[in-house]
Protein chains: 2
Amino acid sequence: MERVIERLRKKDVVLTPQRLAVAEFLEGNTAHPTADDVYRKLRRKYPTISRATVYTSLEVLRQAGEIQELTIRKEEVCFDSDPTPHHHFFCRRCKRVLDVHIGCPVARKGWVDGHKIDGVQVYFYGVCSRCLKSGRSGME
Amino acid sequence: MERVIERLRKKDVVLTPQRLAVAEFLEGNTAHPTADDVYRKLRRKYPTISRATVYTSLEVLRQAGEIQELTIRKEEVCFDSDPTPHHHFFCRRCKRVLDVHIGCPVARKGWVDGHKIDGVQVYFYGVCSRCLKSGRSGME
DNA sequence: TCTTTGTCAAGAATTATTTTAAATTAGTGG
DNA sequence: CCACTAATTTAAAATAATTCTTGACAAAGA
Ligand SMILES: [Mn+2]
Ligand SMILES: [Mn+2]
Ligand SMILES: [Zn+2]
Ligand SMILES: [Zn+2]
């Protein structure tokens, strides 16, 4: 809670109630919510908030290095409150985006084929362990 | 050329001039074009082709295992005429999507954290070798 | 206090993609 | 070659995600 405010202040990010609400909603949230998830949750506390404000707040937080964007689904971008590099798994059944904590050499920034790397995303697709337990093969 | 027609026929895909045109445009194309790239190119030969047809043709080819979709950019999906697993690099300067041919253990399908994997995408971001030669640091 | 200047947020607009429904076509058998 | 039927194409409209525009507001200075 305090942590986010402090960090944003040091980065000269103008703090508005809406931006703080977005930051606080994301803090510790491991569900990788979409912009619309954030919007639908925040409009309870801020009934007049607009989607545009949510998008700009998310972009401000991203540029401040507080969050990262994931393009694991083509339909919608989702946001990760953990900006450090790690892999992700998308379950085709329950549609959740899960963290995958495995060390992987390609995830380290550096060079490849003469191209300079400043970011890496690794996306796995399949059926998550929970869905495998509860249901059958993989297609619903 | 012949190869694609043969394969699609065996997979019980109804062959139309539009689908063949999409398949032929993609065959051997290493530029990872978007749906709009395909549409703008094909409308020269087929002036009445519609975007919806391009989208559905691409989906048919994808389901037939002839091509794959990449979500390396959040703005737009792009298509890869090579359906075999390999990595990709997005150049933030020239906006090209380049193939990266490196062996990587995570790219092999299997299991991770108890989740069953049926697909993997690895996306690198940065500045490509050509842009590094021609220009400066990385930002324009 | 009165400008001036710049920033923010919400509604409007734009963009990619999908859906609709009618017209056309591919594949099949006579 | 023709007729039939199911599948496909098309243009237009709908939809959904995201971005742009502009008025409102606030801080800074005269
Ligand atoms: Mn994550
Ligand atoms: Mn490729
Ligand atoms: Zn699941
Ligand atoms: Zn480049």
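Is there a residue being among the small types (Gly, Ala, Ser) and in contact with a helix residue (DSSP H, G or I) (Cβ under 7 Å, 6 or more places away or on another chain) anywhere in the range A:64-83?
There is at least one residue in the range A:64-83 that is among the small types (Gly, Ala, Ser) and in contact with a helix residue (DSSP H, G or I) (Cβ under 7 Å, 6 or more places away or on another chain).
For the range A:33-91, which positions are within 10 Å of DNA strand C (Cβ to nearest atom) and among the aliphatic types (A, V, I, L, M)?
Within the range A:33-91, A:Leu42, A:Ile49, A:Ala52, A:Val54, A:Val60 meet the criteria.
Is there a residue being at the interface with chain A (Cβ under 7 Å from one of its Cβ atoms) and within 16 Å of ligand 1 (Cβ to nearest atom) anywhere in the range B:98-112?
The answer is yes, given that some residue of the range B:98-112 is at the interface with chain A (Cβ under 7 Å from one of its Cβ atoms) and within 16 Å of ligand 1 (Cβ to nearest atom).
Got at least one residue in the range A:114-131 being more than 16 Å from ligand 4 (Cβ to nearest atom), in contact (Cβ under 8 Å) with a residue 60 or more places away in the chain and not β-branched (Val, Ile, Thr)?
No, the conditions are met nowhere in the range A:114-131.
Can you pull out every residue in the range A:49-65 that is more than 16 Å from ligand 1 (Cβ to nearest atom) and either in contact with a Pro (Cβ under 7 Å, 6 or more places away or on another chain) or within 14 Å of another protein chain (Cβ to nearest Cβ) (or both)?
A:Tyr55, A:Glu59, A:Gln63
Of the residues that make up the range B:6-19, is at least one away from DNA strand D (no atom under 16 Å from the Cβ), more than 14 Å from chain A (Cβ to nearest Cβ), farther than 22 Å from A:Val112 by Cα and not hydrophobic (A, V, I, L, M, F, W, C)?
Yes, that holds for at least one residue.
Step by step: first the residues of the range A:32-77, then only those that are among the hydrophobic types (A, V, I, L, M, F, W, C) and part of a helix (DSSP H, G or I), then the one that is nearest to B:Val120 (Cα to Cα). Which residue is that?
Ranking the qualifying residues of the range A:32-77, first place goes to A:Ala35.
Where residues in the range B:87-106 are buried (at least 16 other Cβ atoms within 10 Å of the Cβ) and without any contact (Cβ under 8 Å) to a residue 24 or more places away in the chain, which of them is farthest from ligand 3 (Cβ to nearest atom)?
Going through the qualifying residues, I end up with B:Cys104.
Among the listed residues A:Val54, A:Val60, which satisfies the condition of being out of contact with any helix residue (DSSP H, G or I) (no Cβ under 6 Å at 6 or more places or on another chain) and among the β-branched types (Val, Ile, Thr)?
Only one candidate passes the filter, namely A:Val60.
Conditions tested, residue by residue: (1) closer than 18 Å to A:Ile72 by Cα; (2) at pLDDT below 95; (3) at the interface with chain A (Cβ under 9 Å from one of its Cβ atoms).
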position: B:Arg73; (1), (2), (3): yes, no, yes
position: B:Pro85; (1), (2), (3): yes, yes, no
position: B:Phe89; (1), (2), (3): yes, no, yes
position: B:Gly135; (1), (2), (3): no, yes, no
position: B:Gly138; (1), (2), (3): no, yes, yes
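The values are calculated or read from the model by the stated rules, or taken from the named source; none is laboratory data. It should be emphasised that the depicted structure is a prediction, and the values quoted were computed from it without experimental measurement. Methodologically, a virtual Cβ is constructed for each residue, glycine included, from the backbone with ideal geometry; neighbour enumeration extends over all protein chains shown.
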